[in-house]
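Accompanying notes for the structure given below.
Please treat every number below as a calculation from the coordinates, not as lab data. Model, not experiment: these values are computed from the prediction. Cβ sites come from the backbone with ideal geometry, for glycine too, and all protein chains shown count toward neighbours.
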Amino acid sequence: MRSVDLTRVTWRKSSYSNPDGGACIEVSDDLLSTADWRKSSYSNSDGGACLEFAANLPSLVPVRDSKDPSLGALLFTAASWNTFVDSVK
């Protein structure tokens, strides 16, 4: 399994970070720009409960709500995602 190279990722400080330097979170959308999003086959057809995921990123599986992709995505390691999927089958 290939690892993800984060050396060229553009990071920005989250608006939820503390301005005093504590509790800082940095986020990046760079990895998701190459994501090949697919809607889950379990999403219902009337537009509700829609989940999208991308399986084309090395060692990562981003998951997002297809109704509002601008909210961002949760990133799982491939191993964690496989464990999750196996447990809900």
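So how far apart, in nm, are the two label points at residue 78 and residue 15 if each is 7 Å from Cα heading toward Cβ?
If labels sit at residue 78 and residue 15, their model points lie 3.5 nm apart.
Could you put 26, 52 in order, starting from the residue whose Cβ has the fewest other Cβ atoms within 10 Å?
Final ranking by Cβ density, sparse to dense: 26, 52.
What order do you get for 55-66, 78-89, 30-41 when each peptide is scored by the mean count of other beta carbon atoms within 10 Å, highest first?
55-66, 30-41, 78-89
Which lysines have a Cα lying under 18 Å from the Cα of residue 39, excluding residues fewer than 8 positions away in the same chain?
Cα-Cα hits under 18 Å: 67, 89.
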